[in-house]
1. Hey, can you tell me all the residues within region A:60-75 that are exposed (fewer than 14 other Cβ atoms within 10 Å of the Cβ) and in contact (Cβ under 8 Å) with a residue 60 or more places away in the chain?
2. Does residue A:131 count as touching a Lys or Arg at 6+ places or on another chain (Cβ under 9 Å), part of a helix (DSSP H, G or I) and among the hydrophobic types (A, V, I, L, M, F, W, C)?
3. Restricting region A:76-135 to residues that are modelled with pLDDT of 90 or more and polar (S, T, N, Q), which is surrounded by the most Cβ atoms within 10 Å (Cβ to Cβ)?
4. Between a first residue in region B:30-53 that is more than 10 Å from every other protein chain (Cβ to nearest Cβ) and under 14 Å from residue B:12 (Cα atoms) and a second residue that is basic (Lys, Arg) and assigned to a helix (DSSP H, G or I), which pairs have beta carbons less than 9 Å apart while being 6 or more apart in sequence or on different chains?
5. Does residue A:102 count as out of contact with any Cys (no Cβ under 7 Å at 6 or more places or on another chain), assigned to a loop (DSSP other than H, G, I, E, B) and without any contact (Cβ under 8 Å) to a residue 60 or more places away in the chain?
Amino acid sequence: MDERNKLIAYKVIAFMYFITLLALIGVTLVRQFVQKQEVSEFEDIAIIVTINTLFLISGLLYFGAIPIQKLKIKTILLGYGLLVVSGSLFTYAKYNIFLKLGLSFKQLLDKMIIIITVSGIIVLFFVFFSFLGIRRIKKELKE
Amino acid sequence: MKNIYYIYAMENIKLKIARIEKSLSQQELADLVKATRQTIGLIEKGKYNPTLSLCVRIARALNKTLNDLFWDED
């Protein structure tokens, strides 16, 4: 394949992958909040979306599309904070606004612990791939 | 002072002249450098920015240097 054709193919495939991922996120949200389906009815889609998103961001970090060298502790903590805040808002909206289940303060606190832990695991996952990416670049530069 | 000849912004007339001097069609040059005729055409029109490796292959096929084909001096 000629290099220009490859470049065009990569761009088209990347764009369509991104659109598909957005569409799957949309489908998950519609099923949860509009159709009010049980999680078990769409958890297969949710798992695919979650894994894809995690590995998409990890891939961008590992291969240097996101400049790893510029990742500082402040940025990582900011990212962690954003994850916790967005997770909390989403949980609050899900239980108290959309599903109108109404959770007690203790129940919300329990969910917050899950959010904080899961967000921490996600951030560590990304930091790990960033570290692998930095190591890869250093190794390539040495050779 | 040397200026970079931005082949993605302007027509690459030097490349076209070098190709014609060698009596090569766009297709023949494309075959030599393992590209397509369209890619060669777009490079000559300044509508595609080739990779360095393709630039080197083109320069070798036309017995020119990168400077001759892709660099412009004041």
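1. Within region A:60-75, A:63, A:69 qualify.
2. When the stated conditions are applied, residue A:131 does not pass them.
3. A:119
4. That search, which allows pairs on different chains as well, returns B:44/B:16; B:44/B:19.
5. Here the answer is yes, as residue A:102 does meet what is asked.
The values are calculated or read from the model by the stated rules, or taken from the named source; none is laboratory data. Since we're looking at a predicted model, the values are computed, not measured. Note: ideal-geometry Cβ built from the backbone for every residue, glycine included; neighbour counts use all protein chains shown.
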